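Just so it is clear, none of the values below were taken in a lab; they were calculated from the coordinates. The structure displayed is predicted, hence computed values, not measured ones. Ideal geometry is used to build each Cβ from the backbone, glycine not excepted, and the neighbour counts take in all protein chains shown.
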Amino acid sequence: MGLRRSLRLRTLVAASAGLALASSVYPASISAAQAAGGRLVWLAIAVAGLLCVMASANFAELSSMFPTAGGVQVYVRQAFGERLAVTVSLLYVFLAWAAGAAEAYIFASVLERVFAATGIPFLSTIPVAVWVLLVISFFFFINLRGVETAGRTQDVLTYFMFFLIFAVSAYALFAAVTRGLPLGGGGAGLGTGGVAAPSGGVAGFVQGVAYSIYLFIGFEWVTPLAEETTDIKVIPRAMPIAVILLAVSYAVWTTIMVTFAPVSVLAASPTPHLIFAEALAGTAGLLIVGVISALATFTSFNAGMMGNSRLVYGMAREGTLPKALSRIHLTYFSPWAALTFMFIIELVLALLLTLTRSFTVAILMAAAIECVIYFLVALVVLRLRRTKPDAERPYRAPGGAVLPAVTAGVFALLAVAVFFPPSPLLVGPFFAGALGLSYVYARFAVPWLRARAGKR
Amino acid sequence: MTPEELTAILEDFRLRAHENKIVLKMLKDWTRNIHVTATDLDARTWTMVIDNGRIVRVALEAVEPRDIHIQALVVALAGIFRGELNPAKEFAKGNLKFIGSNKDEMRLDAIIQYLWE
């Protein structure tokens, strides 16, 4: 594999949108519809997209100041020191566990439902728990073998998925109009009728926006590629383009989903996109959307497991996680110890989700972590502008201090909004546990590890 | 730190790599041109030429094609190739830039890890 040189806008947009093109975004978007009201979900997603575009300007400024593959942890370290940088890195690890476990469980549910519908002998009888084991093991082994999706393949897959989403949405819009279904009204397709979900007023809408942040998960993961671009301003362009593409895709898709089935039915299932597909076009629809889901999980889960195992490996190498996690496979040059660590945790979590069906807890926890990270990154921009006013900034977020200040305030509010009902009660305690553990680890365990390494 | 001193450090790294059985195993079948650029020495570049599992030479100029590119201050580069600095730490601090494939990055980091730690 040769050197990746001067990455183009097309590739960077694909990289920015890649993680968010996942199977777990469909139940997340239904949670948003449930909170904001089926008819307003498109607006909640659009507002979340706008906020992510604002957050992307903060990431872009920092990435232009520090064009390094170290990404967010470098920015936070420059502004607030190592302790907070380690805390943020660990939050990303928790985010990966939560989102990865949810993705594995949801895709396993997709496989179970698709095979059950097709009636293929043996395959149609495999339970979700076994699919979970197979899905996570599959990605573990291809990562262990160091198999990487080539940049061009990743590009093609990403844009193909956007095409499929738009194509299915266009067909569904046409079908909704011809069947006389009220857009966002929900349920007529299944014969249940009525308005999809109770609206929670302004508070419900804010929650809908907070939940929708998950639909843009990891758009900032393109910033570590900054040093591979010849034009530093290409990343500031790539992130908003990716976010807008995602916002339009998911706003239309979710509106269409709640047009064809009631939110209450969709929200009870880990595979609402399949319920919609079946209502739209029967088994053929189920198979087409099953393929979209498979592609989505393949690209996002693979990138997520690869990225996070390398994050864990990097932290172990620099002494902030136990050294045992820095072992490398001597034939495949993959971080096998970090990968095994990720594999075991994600498998246990995904099996727990399978037992409890509490996938919403994992998804909303990931959304809350993203909100906290966007909040912190906005604070980093403000702090560095004060402490390093003369540092070179090839790109500066527009609007002076207003944009980062507003972004910080809004994302802090959204992070809190995630914890209130109708969110499951466990989201708050799990999030507090992840944040607390990350901070306590950074505060006490890292100095101890460093001292121990120093004695050797 | 002078350019001559960094040349000597890179040459010493090359010789040590060939004396280490695990590192030789990791170099197996590898053919790469690794550019090493000292950003504070007028971006002067050295190339470690790896051909079929052997680091055949340390060139005092940029040898094309470039497969991997490492950029840092000369002191950081010297520290890393002498085993005094942890490349992962320098990377996390933003003091070291690595351009290349993920797999090459892991392999080079593993070589440095096994050679010095």
So, by mean Cβ neighbours within 10 angstrom, what's the order for A:282-292, A:397-407 with the highest one leading?
-> A:282-292, A:397-407
For helix A:234-260, report the angle its Cα long axis makes with the longest principal axis of the Cα atoms of chain A; keep it between 0 and 90° and round to the nearest 10°.
-> 30 degrees
Relative to the first principal axis of the alpha-carbon coordinates of chain A, what is the inclination of helix A:402-417, with its axis defined by its Cα atoms, in degrees from 0 to 90 and to the nearest 10?
-> 60 degrees
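Using Cβ contacts closer than 10 Å as the measure, can you line up B:H18, A:H273 from fewest to most? Mind showing how you got there, number by number?
Numbers: B:H18 13, A:H273 29.
With the fewest neighbours first, B:H18, A:H273 line up as B:H18, A:H273.
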Determine the calculated [θ] at 222 nm for chain A from helices alone, applying -39500 (n - 2.57) to every DSSP H run no shorter than 4 residues and normalising by the residue count; nearest 500 deg cm²/dmol.
-> -24000 deg cm²/dmol
Distance from the Cα centre of the range A:231-245 to that of the range B:1-60, in angstrom?
-> 36 Å
For B:D29 and B:V75, extending 7 Å from Cα along the Cα-Cβ vector and measuring point to point gives, in nm, a value of 4.2 nm
Write down the Å³ per residue value for the convex hull defined by the alpha carbon atoms of the range B:3-116.
-> 88 Å³
Considering only the protein assembly as shown, what is the antiparallel percent among its DSSP beta bridges, to the nearest 5?
-> 75 percent
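Rounded to the nearest 0.05, what FRET efficiency do B:E11 and B:A62 have when you use their Cβ-Cβ distance and R0 = 22 Å?
Numbers: r = 17 Å, r/R0 = 0.78.
My answer for the efficiency is 0.80.
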Taking only Cα atoms, what is the 0 to 90° angle, nearest 10, from helix A:25-36's long axis to the longest principal axis of chain A?
-> 70 degrees
For A:K388, counting only lysines whose alpha-carbon sits under 18 Å away and dropping same-chain residues fewer than eight positions off, the answer is B:K93
Which aspartates and glutamates, on any chain, are close to B:K21 with Cα under 15 Å apart, when same-chain ones fewer than 8 places away are left out?
-> B:D29, B:E117
Going by how many other beta carbons lie within 10 Å of each one, how would you line up A:E346, B:E64, fewest first?
-> B:E64, A:E346
Distance (nanometres) between label positions extended 7 Å along Cα→Cβ at A:L330 and A:A401 = 5.7 nm
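Please compute, for peptide B:99-105, the average count of beta-carbon atoms on other protein chains lying within 10 Å of each residue's beta-carbon. Write out the running numbers ahead of the final one.
Working: counts 6, 5, 6, 10, 7, 4, 3.
That works out to 6 on average.
For A:R10 and B:A43, FRET efficiency with R0 = 30 Å and r from the beta-carbon atoms, rounded to 0.05? Display every interim value, and only then the final one.
Working: r = 29 Å, r/R0 = 0.97.
With R0 = 30 Å, the Cβ-Cβ based efficiency is 0.55.
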Between B:T2 and B:N20, with labels modelled 7 Å along Cα→Cβ, what's the label distance in nm to one decimal, could you check?
-> 2.8 nm
For the protein assembly as shown, what number results from the quotient of the Cα radius of gyration and 2.2 N^0.38 Å?
-> 0.99
Of every Cα-Cα pair in the range A:250-365, the percent that sits beyond 18 Å | 65 percent
Computed over chain A: relative contact order in percent, which uses C-alpha pairs under 8 Å that are six or more apart = 33 percent
Fully extended contour minus Cα-Cα distance, from A:Y171 to A:S124, at 0.36 nm per residue | 14.1 nm
Anchor B:K103: lysines whose Cα lies under 17 Å away (excluding residues fewer than 8 positions away in-chain) = B:K25, B:K28
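What helices in chain B pass both tests, a Cα length along the helix axis of 18 Å or more and a mean Kyte hydropathy of -1.0 or higher, using whole DSSP H runs? Before the final figure, lay out the partial values.
Values: long enough: B:3-19 (25 Å, -0.57); B:102-116 (21 Å, -0.52).
Span-like helices here: B:3-19, B:102-116.
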